[in-house]
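Student: Structure in structure tokens, see below.
The values are calculated or read from the model by the stated rules, or taken from the named source; none is laboratory data. The model shown is predicted, which means the values in this text are computed figures rather than measured ones. FYI the Cβ positions are ideal-geometry reconstructions off the backbone, even for glycines, and counts take in every protein chain you see. For the accessible areas, the whole protein counts, side chains as well, though only heavy atoms, and no ligand, DNA or RNA atoms are used. Shrake-Rupley method; radii C 1.70, N 1.55, O 1.52, S 1.80 Å.
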Amino acid sequence: MSDPAELILHHYSTSTFSERVRLAMGLKGLRYRSVAIPRAMPKPDLLPLTGGYRRTPVLQIGADIWCDTLLILRKLETLHPSPSLYPNGDASLVRALVWWADKSIFPHALGVVATTVGHSIPPDFVAERKAFGFPLAPSDVGPVVYRHLQQGATHLGWLAEMLGDGRPFLMGEYPSAFDFAAYGPLWLLKNQGGAEAERRFVLAGLEQWYDHVRAIGHGRPEVMTAQDALDVASKAEPMTTVILADADPSGLELGTTVTVTPDDTGRDPVHGTLVSADAQELVISTANGRVGTVHLHFPRAGFDVVAR
Ligand SMILES: N[C@@H](CCC(=O)N[C@@H](CS)C(=O)NCC(=O)O)C(=O)O
């Protein structure tokens, strides 16, 4: 019998963004259910839960789903504040640095991995990811690999400089969400790009820090089937939302039917009724025959929300 309040993480082992959440689980020592999802479409047992949002990972609690790591980590922090993902009260600083890592480190690491091992990736997966927004074909990435090497080295150099005073983690004594965001691309590079990628994208000055982050581990995952996760959602009622504001910065009113779409990759629109919104997060309600009514939580940063 599953506990309706338990954390259910939908992810796959090679997902860079999932690794961030697994490390957050590790830092907080959390027990959670682990549902393995396909790494590419179709995702027939995930999309009924997410209203069509396809990206990885998502976090489920009962009939509520948190999309995007920005919000997943924020939710974990609210539920389990200690140890903090945002130490020393620096939550906004950490989030801004996470944003920088996602926009300015991850794409360069991905580009280097693609030029190194892209030729051995199955063509259907390459085509899938190209449509998603991640070019992996050497023919697409090769012409701009100089940019990934040049600019990637600059950003890695900034990380190494931050650690130059001997601090164990990027923000100082304690690990933070920023460490996990910066670690992910390098984890991708090491695990999927191999020695050649590491030779090209040099991690000088980052090795010790990398080992500190890796040692945090993944917490206590317990396998759950996708069907069991769907059953949890269908038996639960969505939470009464705790966002108090009813103010959308653009003037959208609660009760409006809206479309929510990521503004960068995997731009599949999700439709629902706006049930709660503030400047950081919005919640939409949607329903289907497999799960009943679910509430989908999206961060504001990185998503377009328009009335249908
Ligand atoms: N901004 C998103 C990015 C998520 C993302 O791009 N995840 C990749 C996997 S690491 C993805 O969704 N790939 C396509 C897929 O899994 O279908 C987040 O922070 O969660």
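Student: Taking the highest mean first, how do the peptides 179-185, 276-282 order by number of other beta carbon atoms within 10 angstrom per residue?
Tutor: Numbers: 179-185: 26.9, 276-282: 19.0.
Result, highest mean first: 179-185, 276-282.
Student: How do 82, 176, 285 rank by accessible surface area computed with a 1.4 Å probe, from largest to smallest? Walk me through the intermediate numbers first.
Tutor: Details: 82 95, 176 0, 285 25 Å².
Greatest to least solvent exposure: 82, 285, 176.
Student: Let me ask something additional. With θ set to phi - 60°, apply the Karplus curve 6.51 cos²θ - 1.76 cosθ + 1.60 along segment 140-157 and write out the HN-Hα couplings as whole Hz, x wherever there is a Gly or Pro.
Tutor: Here the 3J(HN,Hα) series is 7, 8, x, x, 10, 5, 4, 5, 4, 5, 5, 6, x, 4, 4, 5, 5, x Hz.
Student: Around residue 282, which amide H atoms from residues at least 5 apart in sequence, or from another chain, sit under 5 Å from its own amide H, with H modelled in the peptide plane?
Tutor: 298, 300
Student: Enumerate the calculated ³J(HN,Hα) couplings along segment 203-208 in order (Karplus 6.51 cos²θ - 1.76 cosθ + 1.60, θ = phi - 60°), each rounded to whole Hz, writing x wherever the residue is Gly or Pro.
Tutor: Taking θ as phi minus 60°, the curve returns 9, 4, x, 10, 5, 5 Hz for segment 203-208.
Student: Run the reach check for residue 235 against aspartates and glutamates, Cα to Cα strictly under 19 Å, same-chain hits fewer than 8 apart removed. What comes back?
Tutor: Output for residue 235: 3, 6, 45, 64.
Student: Once you sort the root eigenvalues of the Cα gyration tensor of segment 87-214 as a ≥ b ≥ c, which label holds: rounded (a/c under 1.5), prolate (a/b larger than b/c) or oblate (the other case)?
Tutor: Details: a/c = 2.27, a/b = 1.83, b/c = 1.25.
Verdict is prolate for segment 87-214.
Student: Sticking with this one: Would you kindly calculate the mean projected area, averaged across all directions, of the convex hull enclosing the Cα atoms of the chain, in square nanometres?
Tutor: Its average projected convex-hull area is 15.7 nm².
Student: How much of the accessible area of the chain, probe 1.4 Å, is carbon plus sulfur, in whole percent?
Tutor: 55 percent
Student: Taking the Cβ-Cβ separation of residue 306 and residue 235 as r and a Förster radius of 30 Å, what is the calculated FRET efficiency to the nearest 0.05?
Tutor: The calculated FRET efficiency here is 0.40.
Student: Another one. Of 156, 296, 252, which has the largest mean-square fluctuation in a 10 Å C-alpha GNM of the chain?
Tutor: 252
Student: Here is a follow-up. So which lysines can residue 28 reach, going by Cα to Cα under 22 Å and dropping same-chain residues fewer than 8 places off?
Tutor: Those lysines meeting the cut-off are 75.
Student: Here's something else I'd like to know. Given the options 93, 274, 136, which has the most mean-square fluctuation in a GNM of the chain, springs set between C-alpha atoms less than 10 angstrom apart?
Tutor: Between 93, 274, 136, it is 93 that shows the largest mean-square fluctuation.
Student: Hey, what's segment 87-214 come to in accessible area per residue, 1.4 Å probe, Å²?
Tutor: For segment 87-214, the per-residue accessible area is 46 Å².
Student: Over the Cα atoms of segment 209-291, what is the Rg over Rh ratio if Rh follows Kirkwood?
Tutor: With Rh from the inverse mean 1/r over Cα pairs, Rg/Rh is 1.09.
Student: Which percent, nearest 5, of DSSP beta bridges in segment 168-308 are antiparallel?
Tutor: Numbers: 22 of 23 bridges.
Bridges in segment 168-308 that DSSP calls antiparallel: roughly 95 percent.
Student: Answer rounded, prolate or oblate for segment 130-189, using the Cα gyration tensor with square roots of eigenvalues a ≥ b ≥ c: rounded when a/c is under 1.5, else prolate when a/b is larger than b/c, else oblate.
Tutor: oblate
Student: Let me know the shape class of segment 1-97, please: from the alpha-carbon gyration tensor, a ≥ b ≥ c as square roots of the eigenvalues, rounded when a/c is under 1.5, otherwise prolate if a/b is greater than b/c, or oblate. Before the final figure, lay out each step's value.
Tutor: On the way: a/c = 1.95, a/b = 1.50, b/c = 1.30.
Verdict is prolate for segment 1-97.
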